[in-house]
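Below is one structure, written out as structure tokens; comments come after it.
The values are calculated or read from the model by the stated rules, or taken from the named source; none is laboratory data. All of these numbers come straight from a predicted model, not from anything done at the bench. Every residue, glycine as well, gets a Cβ built from its backbone with ideal geometry; the counts of neighbours run over all protein chains shown. With ligands, DNA and RNA removed, areas are computed over all heavy atoms of the protein, side chains included. Shrake-Rupley method; radii C 1.70, N 1.55, O 1.52, S 1.80 Å.
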Amino acid sequence: MWEEGLINIHRCSINSRAHYPGTTTVPDALKTGKQLWSSEDYSTFNDDVGGGCWARILNQNYVNGQMSATISWNLVASYYQDLPFGRDGLMTAQEPWSGNYVVESPIWITAHTTQFTQPGWKYLQTVGHLTHGGSYVALTDQKGNLTIVIETMTHDHSVCIRPSLPPYNVTAQKATFCLKGSFASISELQVWHTKFDFKVKKPVYFQKLSPIKVSNGSFTLDLDVDEVYTVTTITTGLKGNYPEPPPSSPFPKIYKDDFNVQHPDFSEAPYFADQTGVFEYFINQTDPGPHVYTLRQVVTQRPITWVADADQTISVIGDYKWQNVNVSCDVYMEDENSGGVFVAARVDKGGGSVRSARGIFFWVFADGTYKVTNDLSGQSVLAEGQSGTRANIWHTLTLSVKGNNAFGELNGRILWKNAVGLVPKNGWAAIGTSSFQLAQFDNFAVQAE
């Protein structure tokens, strides 16, 4: 979808931009004469096929569509992998509890362009497709420097999440580049190389090769399939290094948080992933007792949504593989008329699918009732009855799920047990509210087997 937008409010300069354009531009956008951007792209699982996708569209968004910017969604995949679009970032850092991270291939593909250009560089018009498949682009700082980026990604090794990719062929080839005009005097170019290896899984990322000599304004490269080359006058390229990341580990099976943060500054609590609503640290200055520092759901009306968000608020936490868990939390409803809060286990969906999330949800309401449901929407009721709960009073909810059995406690006493229909079999723990309302949570604890 193409749209126009302001990029410089002072000059009222206009650019046209698209999301996931498939490297092509609609004719009307080209006719505007404005700068064209792919303002959201990639969003692809960041294995080597994802790296191939990124290499192909970084070049071909300009070759095919004259788009001078390609913006990745997202930069770093730092959310639970089982949420929608897991690992759809240029690198992965999804375990803050362990500190593990993975520098994926799209990072090195990015370096092929970004280490050898700067904002203000211009694409040359001499860009295009190679004879036997692949593409090349050339950029200059208009001060004598030149960077050429070449990619030979095959179809099946560069498929992006969207749109569909029409078939095409790439084969090994020799490519000769002729430098004209002010570039004809260049005698040597630096060479950086990436070789994907989908057979024996020994890829080489962003490797510095020996400089290539330019003879009479031309040079030749032997190009294999699934490669990326940068040839450039820039001599400052450097493959960075980083310490060995801590080993990957699952979310702790025992986790507690009392939310005691004295200077919250509208911050979220660690590891909670808000799917609908916003849960922030809160200083409860009206509470003289143990609940001065809490976590509060603060959104009081359903926002204009991008997708089919839920009518309830929910924040998930933990390990998606969890099955048998005990979840407890102190809860405080602030809405005397329609207050409602829950703790949950085995929550199976989030993101754009959260509206249809299933799990085991233990709700209490300000009207003195409770219910247990198999879904976030509260329609599939497993148990219900009187709880005596009220707003503006702290209550402790405990949900225990093991195999096909579950029971719930209110303030240390069993309120219900033996609920049936316990599907799904695994998922996250969660807290939330029955609508967009103010509510507080404290002393969260989860224990999984």
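Some values worked out for this structure:
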quantity: Table column - 3J(HN,Hα) (Hz), segment 370-380, Karplus curve with 6.51, -1.76, 1.60, x for Gly and Pro; calculated: 9, 7, 10, 10, 9, 8, 5, 6, x, 8, 8
quantity: Simple Cβ-charge dipole of the chain, Lys/Arg +1 and Asp/Glu -1, about Cα centre, in debye nearest 20; calculated: 1140 debye
quantity: Orientation-averaged projected area, Cα convex hull of the chain (nm²); calculated: 26.4 nm²
quantity: Mean separation of Cα contacts under 8 Å, 6 or more apart, over the residue count of the chain: relative contact order %; calculated: 12 percent
quantity: Among 77, 261, 164 - extreme Cα towards positive end, dipole of the chain, charges at beta-carbon; calculated: 164
quantity: Debye, to nearest 20: dipole size of segment 134-286, +1 on Lys, Arg Cβ, -1 on Asp, Glu Cβ; calculated: 740 debye
quantity: Computed magnitude of the charge dipole of segment 19-76 (debye, nearest 20; Cβ of K, R +1, Cβ of D, E -1); calculated: 260 debye
quantity: Peptides ranked, highest mean first, by Cβ atoms within 10 Å: ranges 233-244, 22-33, 162-173; calculated: 22-33, 162-173, 233-244
quantity: Inter-part distance where segment 125-156 and segment 162-180 are each reduced to a Cα centre, Å; calculated: 9 Å
quantity: Between helix 48-63 and the chain: long-axis angle, C-alpha atoms, 0 to 90°, nearest 10; calculated: 60 degrees
quantity: Three-way shape call for segment 276-388 based on the alpha-carbon gyration tensor, with the a/c threshold at 1.5; calculated: rounded
quantity: Of all accessible heavy-atom area on the chain, the percent that carbon and sulfur account for (1.4 Å); calculated: 52 percent
quantity: Per-residue [θ]222 nm for the chain (sum of -39500 (n - 2.57) over DSSP H runs n ≥ 4, rounded to 500); calculated: -2000 deg cm²/dmol
quantity: Entries of 201/425; 321/371; 34/195 with Cα pairs more than 32 Å apart; calculated: 201/425; 34/195
quantity: Solvent exposure of segment 323-449 as accessible area per residue, Å², 1.4 Å probe; calculated: 38 Å²
quantity: Segment 30-114 - Kirkwood radius from inverse mean 1/r over Cα pairs (Å); calculated: 13.5 Å
quantity: Separation of alpha-carbon centers, segment 88-109 and segment 17-54, rounded to whole Å; calculated: 23 Å
quantity: Inter-probe distance in nm under a simple model that places probes 7 Å from Cα toward Cβ, at residue 307 and residue 393; calculated: 4.0 nm
quantity: The chain: angle of helix 105-114 to the longest principal axis, Cα-based, in degrees nearest 10; calculated: 50 degrees
quantity: Proximal lysines relative to residue 31, as straight alpha-carbon distance under 22 Å, when same-chain residues fewer than 8 apart are discounted; calculated: 122
